[in-house]
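The values are calculated or read from the model by the stated rules, or taken from the named source; none is laboratory data. Being a predicted model, the structure only gives us computed values, none of them experimental. Here the Cβ positions follow ideal geometry from the backbone for every residue, glycine too, while neighbour counts run over all protein chains shown. The area values use the complete protein model at the heavy-atom level, side chains included, leaving out ligands, DNA and RNA. Shrake-Rupley method; radii C 1.70, N 1.55, O 1.52, S 1.80 Å.
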Amino acid sequence: MPSQLLTRRFAMMTGTIMILLGLLLASPSSAKTNPSQPSLKELISKKTNETSSTGQAVPDQSQLGLPYDRLGRQVPRSTVRRFLAATGGRNYVLAAEYLDLNKLAREEAAIQGPKLARQLRIVLDRALWIDPDLLSDEPQGDQDDHLHPAYDRVGAISAGDRVFDIFLQRVTQNDGAPIWKFAGVTVAEIPELYREFGYGWIEEMLPNWLLDVSLLGIHLWLWIMLGSLGLLLFPAAMLITWVMAIIVRRFHGDIGRELERLFTGPVRLLIWAILMYWCTDMVGPSIALHVLREARIVLFIALAWLLARTVDLVAARGRAKPDGQGFGVGLLHFKPVIRVLKMLMLIIVSFLWLEYMGFSVATLELAGLTISGLAIALASQKTLENFLGAFTLMATQPVQVGDLCRFGTTVGTIEEIGLRATRIRTLERTVLKIANSEFLGMQVHNLSKRDRFWYHPTLRLRYETTPDQIRYLMVEIRRMLYGHPKVLTDRLQVRFKGFAEHSLNLEIFAYVEATGYVEFYDIASDLNLRVMELVAAAGTGFGVPTQIEYEFPGKPLDEQLVQAVETEVKEWKAQRALYLPDFPEETVAEIKGSLDYPPEGSPHYSRGKT
């Protein structure tokens, strides 16, 4: 399939997913019982206020001209707030004190009062959002609501073709002090409201504590129902994503692995969240549940995840494009751009979610989001340099996390490239932090990028060594290096470097194929031992620098070995087999890999070719 057609189909698929998700997030909310439906922010704030109001002492308001009431019923706002706090704490006996039960006999009020208080709270949770701060905090109530001066309206609940007004009424205590309670007409309508918005048959099956205890305003039994619904819908989401993956794989078989990650993660979560969003209303009416549903928390998590995975998929397709076309342009800078793009998408999704949560993002200071705002935030020159240094390190990638590097006289592993400094774990296991601006100015050797190890010892031979012995060693050491399976043959050299103060120096230049320092040092140890054997076989030794003068000469050379070496070098000359300055390529091919490594006697002994 042509690359352009494949890219076009992939773009259409990604665009379709995004458009469907955008339509979902832009869809209007389901019909609300109360036109002034709260946001999740307001719901959490209300629950926090209810918790803080529980058990608070009633302030002495006599100085304000208000009669004292131990239950804080002097004004409508305090009455409603205290009622919600008492019912939130399941203290229905106390909550009954906020209901006008004068139409009931004393004995009947003591029995029915807590029951009616509980039923009213359940009705309010499921059908009416009340913000106590919107109610009057005047002893006379709201005088501009066109109601009787003794009444204040809390709200209205629609049930079928009828609208129930929830009233507060100013009544007089036995001591003559006026207080506010839920009006008797509202109390009389509680049983009818509860038949409409209560739990019905569910209440007969479940214990009251399961119906009364709540988290974020959602009762435990509703959480159980939501959990059960989620478990039922997850296999459906798996089935849908499985079918989608099969269909897409038929047209995009070459990116099956990337699509598998996309569909098994964010798309599956997105479909599950959509199904949950559609089926939540089946659980039953609940303002808190509706608010949590409209917050679309899981939907935005799925959206952020989907965007991140889609960017990764587009990046993978860009790297796979031939001849650097399309997204493959500027591949060296591609990863940092992807990181920045993901961060921007996450910020955008977060702002959208905050709007659904009830926060007004439009009221944020725009200066903080502009380039000038960022410049002010990064007022310090050093801070700005380090920030730009972090971006440069991510863009050029001279080092990455996990790389072993040498900078100056220190060797360590890169653990983190932060916005201010780069953290390094040294070989002494200490932690070193270097400012990014300073790190960029250092000469850094990235040892992890090493493709081979340099083996370059200098052999310091005794001055008694003859020229033929040196020729012998130059040939045999090179033969040994060519024959070693871990030594690379390109650029291999053994040279008579020159005359030092105490020795004749032979220099070895070779590269060793190894995956790390441990393996390299093992191989170098083997090579060193073989070199020592060749030096001994040549009848010479290593020079030892000293300033001490002896009356007798040093250890005499083995004349037999010297004569044998000189004879063999003469034979090489006669046969035109003195391979100096280098070996013929065909001879190198015959020798390569002929030595045993690891050597005989090792448990990992490996015989070379014969």
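Values as computed for the structure displayed
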quantity: Chain lengthening between H445 and D137 when straightened (0.36 nm per residue, less Cα-Cα); calculated: 103.6 nm
quantity: Neighbourhood charge, 13 Å Cβ-Cβ cut-off, centred on R495 and excluding it, Lys, Arg +1 and Asp, Glu -1; calculated: +2
quantity: Violating pairs (Cα-Cα greater than 28 angstrom) within the set K382/K449; K115/K181; K497/K573; calculated: K382/K449
quantity: Heavy-atom SASA rank of Y277, Y463, Y605 (probe 1.4 Å, accessible area, largest first); calculated: Y463, Y605, Y277
quantity: By accessible area with a 1.4 Å probe, ligands and nucleic acids excluded, highest first: order of K592, K181; calculated: K592, K181
quantity: Ordering of 423-435, 500-512 by burial proxy (mean other Cβ atoms within 10 Å per residue, highest first); calculated: 500-512, 423-435
quantity: Computed E for H146/R420 - FRET, C-beta separation, R0 56 angstrom, nearest 0.05; calculated: 0.35
quantity: Under 15 Å, Cβ to Cβ, from R406 - net charge with Lys/Arg +1 and Asp/Glu -1; calculated: +1
quantity: T172, T186, T466, ranked by accessible area, largest first (probe 1.4 Å); calculated: T172, T466, T186
quantity: Neighbourhood net charge (15 Å Cβ-Cβ; Lys/Arg +1, Asp/Glu -1) for I434; calculated: +1
quantity: Carbon plus sulfur fraction of accessible area for the stretch 115-193, probe 1.4 Å, in percent; calculated: 45 percent
